[in-house]
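J.: Quick one: the structure is below, and I'll ask about it shortly.
The values are calculated or read from the model by the stated rules, or taken from the named source; none is laboratory data. Bear in mind the structure is a predicted one, so any value in this text is a computation, not a measurement. Because the Cβ atoms are built from the backbone with ideal geometry, glycine has one as well, and the counts that use them run over all protein chains shown. What goes into the accessible areas is simple: the full protein's heavy atoms, side chains included, and nothing from ligands, DNA or RNA. Shrake-Rupley method; radii C 1.70, N 1.55, O 1.52, S 1.80 Å.
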Amino acid sequence: MAVAALPAAAGPLRIATYSPDLSRDGPGLLLRDLGREDAQVAAVVAVLAETRPDVLLLTDFDWDYEDRALDAFAARLAQAGLDYPHRFAARPNSGMATGLDLDADGRLGTADDAQGFGEFTGQGGMAILSRHPIGPVTDYTDVLWRDLPGNLMPKLSEEVRAMRRLSSTGHWDAVVTVAGWPLHLLAMSATPPVFDGPEDLNGRRNHDELAFWLGHLPDAPFVLAGNLNLDPQDSEGRPQALAQVMAHVTDPLPRSAGGAAARGGVNDSHKGDPDLDTGDWPDDKPPGNLRVDYVLPAKGLKITDSGVFWPAEGPLATAALTASAHRLVWVELDWP
């Protein structure tokens, strides 16, 4: 009996974040595409079948009230040999109507008037798929921006300040139990620090979305993951919060052959290492390729491997390109 009660031996645990562009222009359209032959959906499945994460955070994945799209996607993955019996999704701020003219353009109900940019409730949300049990989950998605200590919120009307949330999509602290041990997955998907004016609202919000975690890091093993929409060297954003977060984590510097080979155009003027890039955007105009997706384990966790899934050539390179402008990022831990 004593032997049976001992914790399971350490083993590899692969954690990944991926922004697969599984967001559509209207509610129900993702579910439609998941139920038919769709080249982009097939490419996403091929990427995941090759990388096989144990715990996967999806960003830019449409949410619906009954998780029908998530269940349908999990069924597609199961057909490809990937079984994720444990899943979590919650209503994001993206597309959540406010009833206010947040962008002061004289129109109500536009994508810019939602708590986070979105044409409809749930557009571009998040989801967690896992081989291991998930829960409890602490959802910070309703935290008001003004309540973040030291926030960089620009000058806004009192009416807007009183209801504007910090998260453009969401902030979750999801406990994943692996081999009897809890690991906190700190999940987020930040607004891009562009598409605004001189007030730099999106740049300030991007900074504060990451700065939020500085006051909410658990006193337990954790991994911070998601689309931070910020390159530490070549982004238009404010890198200070990212630098502060890096003091609490180990950056495994995941690399890819495809990123290293994707040179030319504006990329040649970048300061950052192209091997680390996770976003593949047109080379003839800014921003070019950037590092925006991260999996960052807490200091002290043993990292055995990491990578960005971006093959330089071949069918899988085509699949990665077809699936999304983002590349999947994975880190492997020796756990527990």
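J.: Tell me, yes or no, whether the range 67-82 has at least one residue that is within 19 Å of the chain's Cα centre (by Cα) and of a type in the set (Lys, Arg).
T.: Within the range 67-82, none of the residues are within 19 Å of the chain's Cα centre (by Cα) and of a type in the set (Lys, Arg).
J.: Of the conditions (1) over 21 Å from Thr17 (Cα atoms); (2) part of a loop (DSSP other than H, G, I, E, B); (3) open to solvent by 60 Å² or more (accessible area, probe 1.4 Å), Asp83 satisfies every one except a single condition; which number is it?
T.: Every listed condition holds for Asp83 apart from (1).
J.: I would also like to ask the following. Give me the pairs, please: first residue somewhere in the range 252-269 and β-branched (Val, Ile, Thr), second residue anywhere and open to solvent by 30 Å² or more (accessible area, probe 1.4 Å), beta-carbon distance under 7 Å, and either six or more positions apart or on two chains.
T.: The qualifying pairs are Val266/Asp283; Val266/Lys285; Val266/Pro286.
J.: Mind listing just one residue for me: the one in the range 158-185 that is surrounded by 16 or more Cβ atoms within 10 Å (Cβ to Cβ) and of a type in the set (A, V, I, L, M) and, of those, farthest from Phe88 (Cα to Cα)?
T.: The extreme case among them is Val160.
J.: Look at the range 130-187 and say how many of its residues are among the aliphatic types (A, V, I, L, M) and farther than 18 Å from Thr98 by Cβ.
T.: Of the range 130-187, the ones among the aliphatic types (A, V, I, L, M) are 134, 137, 143-144, 148, 152-153, 156, 160, 162-163, 166, 174-176, 178-179, 183, 185-187.
Next, from what is left, pick out any that are farther than 18 Å from Thr98 by Cβ: 134, 137, 148, 152, 174-176, 178-179, 183, 185-187.
Going through the range 130-187 one residue at a time, the tally reaches 13.
J.: Name the single residue, out of those in the range 28-58 being assigned to a loop (DSSP other than H, G, I, E, B) and free of Cβ contacts under 8 Å to residues at least 12 places away in the same chain, that is nearest to Gly314 (Cα to Cα). Before the answer, list the steps.
T.: Filtering the range 28-58 for residues assigned to a loop (DSSP other than H, G, I, E, B) gives 28, 35-38, 52-54.
From what is left, the residues that are free of Cβ contacts under 8 Å to residues at least 12 places away in the same chain are 36-38.
Working: Arg36: 25, Glu37: 22, Asp38: 20 Å.
The selected residue is Asp38.
J.: Out of everything in the range 186-228 that is open to solvent by less than 20 Å² (accessible area, probe 1.4 Å) and among the aromatic types (Phe, Trp, Tyr), what residue ends up being nearest to Leu129 (Cα to Cα)?
T.: Filtering the range 186-228 for residues that are open to solvent by less than 20 Å² (accessible area, probe 1.4 Å) and among the aromatic types (Phe, Trp, Tyr), the one nearest to Leu129 (Cα to Cα) comes out as Phe222.
J.: Does Asp25 satisfy the condition of being outside any helix (DSSP H, G or I) and surrounded by 15 or more Cβ atoms within 10 Å (Cβ to Cβ)?
T.: Details: outside any helix (DSSP H, G or I): yes; surrounded by 15 or more Cβ atoms within 10 Å (Cβ to Cβ): no.
For Asp25, the condition - outside any helix (DSSP H, G or I) and surrounded by 15 or more Cβ atoms within 10 Å (Cβ to Cβ) - is not met.
J.: Ok, one more. Scanning the range 90-129 for residues that are open to solvent by less than 20 Å² (accessible area, probe 1.4 Å) and among the polar types (S, T, N, Q), which turns out farthest from Phe61 (Cα to Cα)?
T.: Gln115
J.: So which residues in the range 230-250 are out of contact with any strand residue (DSSP E or B) (no Cβ under 8 Å at 6 or more places or on another chain) and either open to solvent by less than 30 Å² (accessible area, probe 1.4 Å) or among the basic types (Lys, Arg) (or both), if there are any at all? Give the steps one after another, and end with the answer.
T.: At the first step, the residues of the range 230-250 found to be out of contact with any strand residue (DSSP E or B) (no Cβ under 8 Å at 6 or more places or on another chain) are 230, 232-233, 236-244, 247.
Passing the criteria: Leu230, Gly237, Arg238, Ala241, Leu242.
J.: Right, something else. When the residues of the range 280-307 are narrowed to those that are in contact with a strand residue (DSSP E or B) (Cβ under 7 Å, 6 or more places away or on another chain) and over 19 Å from Val245 (Cβ atoms), which ends up most open to solvent (accessible area, probe 1.4 Å)? Before the answer, list the steps.
T.: Step one: filter the range 280-307 for residues in contact with a strand residue (DSSP E or B) (Cβ under 7 Å, 6 or more places away or on another chain), giving 289-290, 292-299, 301-307.
Next cut, over 19 Å from Val245 (Cβ atoms) only: 289, 302, 304-305, 307.
Numbers: Asn289: 1, Lys302: 124, Thr304: 75, Asp305: 74, Gly307: 4 Å².
The selected residue is Lys302.
J.: Just to check your reading of the model, which residue among Phe61, Phe88 is among the hydrophobic types (A, V, I, L, M, F, W, C) and under 15 Å from Asp21 (Cα atoms)? Walk me through how you get there before you give the answer.
T.: Working: Phe88 fails: under 15 Å from Asp21 (Cα atoms).
The unique qualifying residue is Phe61.
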